[in-house]
Amino acid sequence: MSTVSNPPGSAPRKTSLLGEQERARLQRRKRVGQAFAAITFIPVILAIALILTLFADVIFDTLSWQVVEPNNSGQTFAWSEAPLGGLAVMRLELSAQGLSDSDIEAIISDPAELTRFRARNRIELMWHTDDGSMRWVVTNSRDDRLDYYGFFEGFGQFDRLAADLGPDQNIYLNPWLDFSFLTRNNSRTPVVAGIKTAIAGSLWVVGLIILFALPLGVGAALYLEEYAPKNTFTRFIEVNIRNLAGVPSIVYGILGLYLFVRLLNFGPTILSAAVTLSLLILPVVIIAAREAIRAVPSSLREASYGLGATKWQTVSQVVLPNAVAGITTGIILSVARAIGETAPLLLIGAAAFIPFLPEGPLSRYTVMPIQIYSWIAENDVEFYNVASAGIIVLLTILLLLYGLAFFVRRRFERNW
Amino acid sequence: MTTTSKQDPKRDSNPIHNFNYDHETVRTDAQSGDDVAVGVENFNLWYGDFQALHHVSLTFPKNQVTALIGASGCGKTTLLRSINRMNDLIPIVKIDGEISYEGVNIYDRNVDPVEVRRRIGMVFQKPNPFPKSIFDNVAYGPRLHGYDGDLKDLVERSLQKAALWDEVKDKIKQSGLGLSGGQQQRLCIARAMATEPDVILMDEPTSALDPMATDRIEELIHEIKKDYTVIIVTHNMQQAGRVSDRTAFMHLGVLIEEGPTDQIFTNPKHDMTERYVSGRFG
């Protein structure tokens with residue numbers, strides 16, 4: 001807004017169109033409005049603060065200080081000695097344990113030995129070690145772990161801890177979430193436990209869910225929108241689909257336990273989980289797909305019919321291609337819900353401890369939320385850090401999926 | 001609408017307010033039967049309980065432009081959409097009577113509406129190109145029917161007939177939605193012509209366009225009538241006067257008067273037609 005300046009020497013110009021009293025009333029009205037605007041903003045601040053607190057808490061829980069008395073070499077290696085980690089660090093560690101070069105090559109070239117070494121040791125780039133910062137540490141599951149401190153707790157008394165170290169003891173700042181966490185199977189020892197089996201299980205389940213729920217959901221939506229007669233029965237189905245979307249997920253778990261695990265005898269397998277979760281997300285998929293189909297303007301349908309298209313030609317060449325963005329978004333959001341679903345899977349037998357990759361739809365499995373839940377339930381304080389690392393992985397995957405849905409909507413959405 | 005107000009005798013005598021649904025259509029000339037493209041015979045149509053068309057009888061001669069005029073809600077669009085059975089898409093529509101095309105009653109139980117629309121094309125009020133390329137828009141109809149000739153040639157010919165080819169020949173692969181409103185409407189006309197129909201129905205094709213674009217569409221209608229029978233619904237009486245050979249005036253679902261356009265506009269026989277074309281109501 002530009003202000004009008006008075007010519008010099010003139011009387012000050014009036015700035016109000018109202019009388020004194022009415023003006024005061026207007027000011028009061030505006031103040032009330034401002035107060036309400038401020039009140040509506042409070043929940044937003046509260047929500048943002050809560051989310052930030054959650055993230056900070058989980059992230060700091062993935063760090064801990066540990067006083068360790070190593071069982072093997074107990075040496076740390078500079079990052080520059082083996083910039084890519086992996087086998088190079090393994091060689092350094094084995095030679096520090098006193099093995100000869102030929103013995104080391106024998107271990108590395110034997111796959112069985114390699115697997116055993118990897119199952120028992122975790123190669124980590126630790127932020128802080130006794131020998132300096134950013135060094136490779138090979139943590140052995142048989143190391144004696146003497147003391148454990150949370151990130152802030154250990155930070156406060158670091159000087160005392162460092163002074164109290166006995167001979168051969170080390171103190172490390174352990175980042176529980178590193179790349180090897182994603183590539184390790186689960187283990188009874190927190191330091192070598194990884195989330196690989198759970199990620200694989202989740203991928204299997206999600207893949208099968210898409211396979212089941214996409215054709216069923218889109219088919220049902222197409223039928224209800226394009227083919228079904230508009231009568232009481234159709235309306236009854238519509239209302240019930242909306243109701244089903246609100247049924248608690250544990251109820252679907254009970255249904256899955258009875259129907260798929262017991263009656264159809266699928267057992268506690270990936271197939272049972274995928275079918276049960278498909279049922280769980282189907283109502284949401286149908287609702288989203290129907291809305292996408294309904295958003296295709298009827299003028300396009302009429303144009304197609306007017307050119308002599310049959311119903312199926314119109315549906316397949318005009319309606320579906322123009323609804324595909326909305327349908328995809330709905331599927332992605334539903335899948336994100338299925339990935340985070342825990343309760344029904346506990347009922348239908350996701351396993352807490354699976355140290356191997358699933359081999360097919362009929363193998364036993366675990367998924368990420370179940371894995372996190374079982375880690376938290378463990379009686380070892382270090383598993384709490386492992387669970388935090390798992391939560392970060394799960395949240396990251398969900399964030400990526402929501403980002404993908406947002407991108408798809410932005411990229412392919414059309415305004416008519 | 002059949003008000004019988006006692007206070008206003010002038011209003012009572014006004015046929016617009018005291019309407020006779022059994023009105024017999026005034027026909028300005030006798031139509032010979034042999035050059036008829038589409039014949040409507042005692043056609044009634046209901047939306048649920050509401051009767052939208054009352055015993056309409058009308059013939060549309062071949063290779064002529066017939067304009068349907070009348071106030072909003074008079075049933076002219078409903079009549080137009082009945083001619084290629086677009087009203088079948090509305091579940092609550094019931095019909096009675098006959099519409100014949102080349103001697104076939106298109107509402108016969110054994111006639112497939114898809115066949116009807118194949119021969120009787122339609123252009124809508126609002127330009128509605130598909131969100132596809134210009135080429136794919138025009139090729140949509142021929143592809144539906146399994147056209148086995150040279151598709152590129154057919155698309156080019158259709159666009160040329162719609163006087164759009166010169167403007168779009170360099171961007172034939174671009175989206176049809178990128179064109180201006182008038183170009184989009186000509187694209188829709190090209191699309192309708194690409195299926196090689198005999199009759200083209202136009203539902204207020206210029207109501208969403210500016211005067212320049214309207215002028216081009218009207219020129220186009222003049223051009224294409226040597227190949228097609230055109231039936232056009234319009235709100236614009238000047239337009240009806242400019243483009244049509246014959247005009248039919250409807251009111252409240254009843255066909256009031258029909259005849260050669262110059263007759264209807266200069267020497268209407270029915271009082272209500274005279275009031276409408278002179279702009280005293282509607």
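The values are calculated or read from the model by the stated rules, or taken from the named source; none is laboratory data. If you're wondering where the values come from, they're calculated on a predicted model, not measured in any experiment. We place every Cβ from the backbone using ideal geometry, glycine too, and count neighbours over all the protein chains shown.
Say we look at region B:76-107 and pick out the residues that are surrounded by fewer than 20 Cβ atoms within 10 Å (Cβ to Cβ) and either assigned to a loop (DSSP other than H, G, I, E, B) or on the phi > 0 side of the Ramachandran plot (or both); which of these is farthest from the other protein chains (Cβ to nearest Cβ)? Among residues in region B:76-107 that are surrounded by fewer than 20 Cβ atoms within 10 Å (Cβ to Cβ) and either assigned to a loop (DSSP other than H, G, I, E, B) or on the phi > 0 side of the Ramachandran plot (or both), the one farthest from the other protein chains (Cβ to nearest Cβ) is B:97. Of all residue pairs spaced 6 or more apart or on separate chains, none has beta-carbon atoms under 8 Å together with a first member in region A:287-302 that is at pLDDT 95 or above and a second member that is in a loop (DSSP other than H, G, I, E, B) and surrounded by 19 or more Cβ atoms within 10 Å (Cβ to Cβ). In region B:137-164, of all residues being of a type in the set (Ser, Thr, Tyr) and more than 9 Å from every other protein chain (Cβ to nearest Cβ), the one that is farthest from residue B:77 (Cα to Cα) corresponds to B:147.
Scanning region B:108-136 for residues that are part of a helix (DSSP H, G or I) and at the interface with chain A (Cβ under 9 Å from one of its Cβ atoms), we see that the one that is surrounded by the fewest Cβ atoms within 10 Å (Cβ to Cβ) is B:115. Considering only residues that are touching a helix residue (DSSP H, G or I) at 6+ places or on another chain (Cβ under 7 Å), over 22 Å from residue A:270 (Cβ atoms) and either in a loop (DSSP other than H, G, I, E, B) or charged (D, E, K, R) (or both), which ones fall in region A:361-404? Hits for region A:361-404 are A:380, A:382. Among the criteria (1) away from chain B (no Cβ under 14 Å); (2) surrounded by 22 or more Cβ atoms within 10 Å (Cβ to Cβ); (3) under 21 Å from residue A:223 (Cβ atoms), the one residue A:283 does not fulfil is (2). Annotation: of all residues in region A:185-240 being of a type in the set (Asp, Glu) and touching a residue at least 40 places away in the same chain (Cβ under 8 Å), the one that is farthest from the other protein chains (Cβ to nearest Cβ) is A:225. When residues in region B:63-75 are screened for being surrounded by fewer than 22 Cβ atoms within 10 Å (Cβ to Cβ) and within 23 Å of residue B:26 (Cβ to Cβ), 4 of them pass.
Scanning region B:137-146 for residues that are in a loop (DSSP other than H, G, I, E, B) and within 26 Å of the chain's Cα centre (by Cα) gives a single hit, B:145.
Every test in (1) outside any helix (DSSP H, G or I); (2) over 17 Å from residue B:72 (Cβ atoms) is passed by residue B:262 save one, and that test is (1).
Only residues that are surrounded by fewer than 16 Cβ atoms within 10 Å (Cβ to Cβ) and not in a helix (DSSP H, G or I) were counted in region A:166-181, giving 3.
From the list A:42, A:51, A:59, the one residue that fits, being hydrophobic (A, V, I, L, M, F, W, C), farther than 30 Å from residue A:386 by Cα and under 32 Å from the mean Cα position of the chain (by Cα), is A:42.
Among B:269, B:225, which is more than 17 Å from residue B:76 (Cα to Cα), within 18 Å of the chain's Cα centre (by Cα) and surrounded by fewer than 19 Cβ atoms within 10 Å (Cβ to Cβ)? The conditions single out B:225. So for region A:375-383 (the condition being touching a Leu at 6+ places or on another chain (Cβ under 7 Å) and among the acidic types (Asp, Glu)), does at least one residue qualify? Among the residues of region A:375-383, not one is touching a Leu at 6+ places or on another chain (Cβ under 7 Å) and among the acidic types (Asp, Glu), which makes the answer no. The helices (runs of 4 or more DSSP H) located wholly in region A:310-352 that include 2 or more residues which are of a type in the set (Gly, Ala, Ser) occupy A:320-340. Considering each residue of region A:304-319 in turn, none proves to be within 14 Å of chain B (Cβ to nearest Cβ), surrounded by fewer than 21 Cβ atoms within 10 Å (Cβ to Cβ) and under 30 Å from residue A:204 (Cβ atoms).
Given the condition β-branched (Val, Ile, Thr), within 11 Å of chain A (Cβ to nearest Cβ) and either touching a Lys or Arg at 6+ places or on another chain (Cβ under 8 Å) or crowded, with 17+ Cβ neighbours inside 10 Å (or both), answer yes or no: does some residue in region B:180-201 qualify? Looking for residues that are β-branched (Val, Ile, Thr), within 11 Å of chain A (Cβ to nearest Cβ) and either touching a Lys or Arg at 6+ places or on another chain (Cβ under 8 Å) or crowded, with 17+ Cβ neighbours inside 10 Å (or both), one finds at least one in region B:180-201, hence yes.
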